[in-house]
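One structure is given below, encoded as structure tokens.
Values in this text are rule-based calculations from the coordinates and carry no lab data. None of the values given here were measured: they were computed from a predicted structure. Cβ: placed from backbone, ideal geometry, glycine included. Neighbour counts: every protein chain shown.
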Amino acid sequence: MSIGETLAEARHEAGLTIAQVSQRTRIRESIVRSVEQGDFSPCGGDFYARGHIRSIAGVVGIDPAPLLREYDGDHHPAGITAAEAFSPTTPIKIREPRQRRFPAGILAAVVLLAVIGFGIYQLVGRGGGHSAASPAVKASPVATATPTTPKASPSPSAKPTPTQAETVVSLTAAQDCWLNVSLPNGKQVYQGTLRAGRNVTWTEKHKVNIAVGNPSGVTIRVNGKVMKANTVQVVTLRINPLAASQATLAAPSGATLTTSAG
């Protein structure tokens with residue numbers, strides 16, 4: 001049974017209409033109806049689709065976790081990036097390359113020049129046939145030593161480039177928390193609020209900094225390892241997939257940091 005069919009069946013068993021589910025979740029009726037039909041495109045991206053699934057499941061009285069796992073497996077079997085996890089899906093327009101046409105005028109000029117050149121070649125060739133042949137001078141052969149060229153030793157084959165490392169990052173909010181995801185050069189990937197009850201998971205291949213407001217209300221997992229700060233002040237999680245320690249959590253003085261293999 002698909003995600004939409006499971007939600008629709010649970011709604012019927014709870015005796016609720018689509019309008020009632022829309023009122024309780026504050027999700028438009030058209031989106032609720034599309035989700036039940038298995039169409040998640042009106043949600044505006046994976047981040048919002050997962051949130052809608054969680055909200056609808058809570059209203060109709062079923063556990064959203066199996067549905068979220070099924071959604072992740074269907075839509076992102078190989079993991080997603082931070083930009084895909086937080087940002088709505090935006091179609092990219094691809095322009096077809098224009099084929100360059102060879103101007104007809106230039107083509108005609110080239111053909112004309114070729115014809116004129118061939119005519120001149122014929123005239124010169126015929127005139128040169130009446131000239132007296134000069135006596136041939138025999139050149140005595142000169143023996144030259146041919147130097148022995150050493151054979152170049154085969155260059156060692158290049159070692160294959162190792163595959164780029166990846167880091168799986170997961171944020172689970174027990175309370176509302178503020179997030180600012182940016183690259184080391186300062187370019188911002190996402191800035192906004194992660195609402196209580198939401199979970200965002202993505203695969204990171206590059207260095208990235210995550211500033212977390214109200215860190216005591218969110219659980220951070222890096223490759224399954226739980227990192228949690230018992231403070232209300234902003235902490236910064238620095239991700240580096242190529243480092244031995246792929247994540248470090250910078251917290252203000254006096255904050256308590258806890259880690260465990262979650």
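Points to keep in mind about this one:
- Projected label distance in nm at Asn230 and Ile116, using a 7 Å step from Cα toward the beta-carbon: 9.3 nm
- Derived from the Cα gyration tensor, the three semi-axes of the equivalent ellipsoid of segment 195-243 are 19, 13, 10 Å, largest first.
- Note on Lys205: aspartates and glutamates with a C-alpha under 17 Å away, same-chain residues under 8 apart excluded, are Glu84, Glu166.
- Packing-based order for 237-246, 197-206, using average beta carbon neighbours within 10 Å, highest first: 197-206, 237-246
- Estimated FRET transfer efficiency (Ala65, Asn185; beta-carbon r; R0 30 Å; 0.05): 0.25
- Contour minus Cα-Cα distance for Ala244 and Lys207 (0.36 nm per residue): 12.0 nm
- Formal net charge of residues neighbouring His12 (Cβ-Cβ distance under 14 Å; K, R +1; D, E -1): -2
- Available extension along the chain between Thr259 and Thr17 is 82.7 nm, counting 0.36 nm per residue and deducting the alpha carbon span.
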